[in-house]
Amino acid sequence: MMNLCRLVIVFFMLLIVGCQTDPVPDPISDSLNFKVDSVLRLMTLEEKIGQMNQYNGFWNVTGPSPKKGAAQLKYKHLEAGLVGSMLNVRGVENVKAVQKIAVEKTRLGIPLIIGFDVIHGYKTLTPIPLAEAASWDLDAIKNSAKNAALEASAAGINWTFAPMVDISRDARWGRVMEGAGEDPYLGSLIAKARVQGFQGEDLSDAITIVACAKHFAGYGFAEAGRDYNTVDVGMSTLYNIIFPPFIAATKAGVRTYMNSFNELNGIPATGNAFLQREVLKGAWGFDGFIVSDWDSAGEMVAHGYAKDDKHAAELAVNAGSDMDMESYTFVTYMKELVEEGKVKESYVNDAARRILKVKFELGLFDNPYKYCDVNREREVTGSEELHKASLDIAKKSIVLLKNENQLLPLKKEGLNIAVIGDLANDKTSPLGSWRIAAEDKTAISVLEGLKSYEKNNITFAPGPKLALGNPTFTQEVQVNTSDKSGFKEAVRAAKNKDVVIMVLGEHGFQSGEARSRSNLKLPGLQQELLEAVYKVNKNIVLVLMNGRPLAINWADKNVPSIIEAWQLGSQSGNAIAQVLYGDYNPSGKLPMTFPKNVGQVPIYYNYKNTGRPLKENPNDVFHSHYQDVSNSPLYPFGYGLSYTSFSYKDLELSAKTLTKDSSIVASVTVTNTGKYFGKEVVQLYIRDLVGSRTRPVKELKGFEMISLNPGESKVVQFTIDAKMLQFYTAQNKWEAEFGDFTVFIGESSAKSLEANFSLSK
Ligand code: BGC
């Protein structure tokens with residue numbers, strides 16, 4: 001404690017002197033900056049560089065540890081004050097142990113910031129982020145992040161590497177599970193909700209944690225959907241599609257950013273001064289700090305951008321990276337680089353200042369052990385409230401894709417049901433990827449959920465195994481394509497049942513980091529199993545469990561009812577059962593387009609018209625199309641059914657002309673025309689007909705979730721103003737251009753009413 005006390009006394013002395021000489025226009029931030037500078041003045045160059053160094057703990061590894069003998073070196077560096085942060089150290093006891101070294105053994109006693117991938121919950125898991133995005137329920141999403149922060153902070157963690165706000169249009173990319181889908185508008189609102197959920201109102205509160213907007217930038221546009229691959233996108237896509245969720249996160253006050261593994265237009269993101277210095281810290285005024293992705297500084301050597309590790313460190317810091325995750329390059333070479341004049345000392349000062357500032361904001365200097373309360377850890381971890389909240393958002397995340405002849409909801413008694421599929425009994429896959437703190441086999445399986453409705457009779461037959469062995473986070477999933485045992489039994493179980501519930505999809509580790517696929521069909525033997533069962537019983541409810549959009553044409557054509565149940569976390573099976581039995585009427589809408597086949601990918605609703613759009617006459621060959629599949633998706637963005645039905649009518653605009661200072665109200669009447677109470681996400685899209693850069697055929701600009709009883713109607717109104725029409729124009733400015741627009745209001749990006757208006761002087 002000695003060192004910490006000494007530090008605190010020095011602060012106060014400096015604080016008094018500072019207060020006497022400086023006028024203070026913004027007392028809080030001035031005093032914060034003053035405290036930071038006071039500490040900075042006490043630090044040696046090496047100690048400042050130490051703040052820029054982040055090490056992985058010795059408990060979990062999210063990637064290859066680049067050096068041998070790392071543990072001893074890390075320990076030595078910790079004691080020497082050469083570590084500013086650790087990741088993957090979790091649990092009060094472990095965190096306390098490393099924090100104690102930083103606080104009690106180092107010269108200045110500067111506390112560590114403790115990072116972890118709290119992506120969809122900590123131990124109590126909520127649905128994967130893509131699934132949560134399907135809820136379109138911003139309050140529920142914010143609450144989910146708030147609960148994740150609550151549980152993680154009780155385990156000693158004060159910084160999450162979330163939200164991932166990368167837009168992606170490519171279902172092959174395994175990390176689509178971690179984002180909010182394909183749309184920049186929905187993605188921006190969700191980015192804001194998640195940042196606010198994690199960080200709360202007050203970062204110094206022990207139940208909130210620092211958020212991290214990642215991966216800056218373009219990571220979701222990896223060529224061919226192959227993770228870590230090259231990204232080459234133009235200014236229009238960068239500014240109009242990729243940047244908006246990052247801008248929203250910045251405006252919401254996100255305190256950290258992570259750069260990314262990919263190169264962007266020839267320059268690796270970690271060494272990209274345009275992204276980090278010019279855009280983020282410059283134009284957007286971001287005053288938090290940027291952490292590199294795992295070894296992404298060192299990886300610039302493999303990219304062919306840096307000639308060696310030392311050069312990589314130079315490029316990274318000069319480009320604006322503040323903290324290095326596990327490449328060891330800053331801690332090894334930065335002092336030399338500064339002494340040689342290759343990196344300005346002011347850059348090191350700036351990076352250390354940014355990092356210290358966030359530590360002050362967390363209140364770590366007041367109490368470095370504030371996240372280390374064993375009693376709170378015991379009470380909060382896995383609490384009933386957390387499970388209740390997880391169940392709530394899990395139900396909201398389910399999307400009903402098809403429901404012919406109202407096969408769903410199921411009757412609660414008197415049915416003979418066959419439940420088929422290896423995933424039905426799986427208590428691990430529903431946890432999804434990025435669930436490092438959750439134990440295997442802790443999810444409620446679909447079978448368990450269904451069995452809680454006791455008055456029906458259930459026969460379970462797993463069919464063939466989906467994966468061979470027991471894949472782990474660091475292993476490739478070996479999909480079973482040959483062992484057909486269980487096939488016959490499954491078909492036998494399906495015969496003469498009232499309903500067959502087939503639970504098919506992806507293993508929990510088939511999506512996530514480094515889990516790209518070149519094929520979007522049901523993996524392994526599952527399609528064959530589905531068709532074999534269909535031959536003996538057509539009354540199938542297909543429950544899909546997957547981390548990305550899948551191409552399920554055959555099922556869409558033949559199977560009467562399909563629900564998209566993603567990977568819903570700890571309460572998965574309960575949520576699915578409640579939806580199947582109608583205790584919750586599904587209200588989710590797809591945040592990402594489902595293709596008909598992988599060849600259509602990238603496929604997205606806000607595409608450009610091209611000079612040769614689709615022609616009515618199929619014999620006219622010279623237009624933008626495929627010979628073997630239509631341009632339309634299997635299920636469009638924004639699509640999702642309900643057990644009830646809704647009608648849309650009377651789209652009206654309060655005026656036909658808008659000026660830069662006025663607004664128009666667009667209204668529509670939505671009626672529940674079915675038998676059940678239900679929720680509907682009413683969606684507003686706009687098309688800008690002519691632009692200085694070509695404009696998408698439509699863009700989501702607003703939505704509202706309404707609840708309606710059978711027979712009830714509501715008038716839903718949206719206010720349209722010029723700000724809503726802004727885009728990054730050919731003049732490289734965010735502005736709305738005069739001209740004509742079409743407004744669409746409806747139940748999805750593909751089904752809506754239309755009206756026209758113009759923006760004029
Ligand atoms: C991922 C990041 C993650 C980091 C730390 C990397 O491999 O790309 O998103 O936050 O590991 O676990």
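Tell me the residue from LYS608, LYS679, LYS675, LYS656 that is outside the structural domain of LEU400 (by TED's automatic domain parsing), open to solvent by 50 Å² or more (accessible area, probe 1.4 Å), modelled with pLDDT of 95 or more and closer than 30 Å to ALA394 by Cα, please.
LYS675
Hey, can you tell me all the residues within the range 681-730 that are among the small types (Gly, Ala, Ser) and in contact with an Asp or Glu (Cβ under 7 Å, 6 or more places away or on another chain)?
Across the range 681-730, the qualifying residues are GLY691, SER692.
LEU108: more than 21 Å from PHE161 (Cβ to Cβ), away from the ligand (no atom under 16 Å from the Cβ), open to solvent by 10 Å² or more (accessible area, probe 1.4 Å) and within 14 Å of the chain's Cα centre (by Cα), yes or no?
The answer is no for LEU108.
Can you list residue pairs whose Cβ atoms sit under 6 Å apart, with the first residue in the range 406-429 being under 16 Å from VAL491 (Cβ atoms) and the second being assigned to a helix (DSSP H, G or I)? Count only pairs 6 or more apart in sequence or on different chains.
These pairs meet every condition: ALA418/ALA493; ALA418/ALA494; VAL419/LEU447; ILE420/ALA490; ALA424/VAL446; ALA424/LEU447.
Could you check the range 418-441 and list, in sequence order, the residues that are of a type in the set (Val, Ile, Thr) and within 19 Å of ASP117 (Cα to Cα)?
THR428, ILE436
Applying the selection to the range 550-585, what residues are among the polar types (S, T, N, Q) and touching a strand residue (DSSP E or B) at 6+ places or on another chain (Cβ under 9 Å)?
Hits for the range 550-585 are ASN558, SER561, GLN567, SER570, GLN571, SER572, ASN585.
For the range 702-714, which positions are open to solvent by 30 Å² or more (accessible area, probe 1.4 Å) and under 20 Å from TRP136 (Cβ atoms)?
Those that are open to solvent by 30 Å² or more (accessible area, probe 1.4 Å) and under 20 Å from TRP136 (Cβ atoms): PHE703, GLU704, MET705, SER707, LYS714.
Which ones in the range 465-488 are open to solvent by 60 Å² or more (accessible area, probe 1.4 Å) and more than 33 Å from the chain's Cα centre (by Cα)?
Across the range 465-488, the qualifying residues are SER482, ASP483, LYS484, SER485, LYS488.
Checking ALA162 against (1) within 16 Å of ILE436 (Cα to Cα); (2) within 14 Å of the ligand (Cβ to nearest atom); (3) not in a loop (DSSP other than H, G, I, E, B): exactly one of these is not met. Which one?
Evaluating ALA162 over (1) within 16 Å of ILE436 (Cα to Cα); (2) within 14 Å of the ligand (Cβ to nearest atom); (3) not in a loop (DSSP other than H, G, I, E, B) leaves (3) as the failure.
Just to be sure before I move on: is LEU130 open to solvent by 10 Å² or more (accessible area, probe 1.4 Å), farther than 20 Å from ASN259 by Cα, modelled with pLDDT of 95 or more and assigned to a helix (DSSP H, G or I) in the structure I sent?
When the stated conditions are applied, LEU130 does not pass them.
For the range 489-542: of the residues being acidic (Asp, Glu) and not in a helix (DSSP H, G or I), which is surrounded by the most Cβ atoms within 10 Å (Cβ to Cβ)?
Residue satisfying both the conditions and the ranking: GLU506.
Do the conditions hold for LEU337, that is, is it open to solvent by less than 10 Å² (accessible area, probe 1.4 Å) and modelled with pLDDT of 95 or more?
yes
The values are calculated or read from the model by the stated rules, or taken from the named source; none is laboratory data. Nothing here was measured: the structure is a model prediction, and the numbers come from that model. No Cβ is skipped: glycine too gets one built from the backbone with ideal geometry, and neighbour counts run over all protein chains shown. Side chains are part of the model used for accessible areas, which takes the heavy atoms of the whole protein and leaves out ligands, DNA and RNA. Shrake-Rupley method; radii C 1.70, N 1.55, O 1.52, S 1.80 Å.
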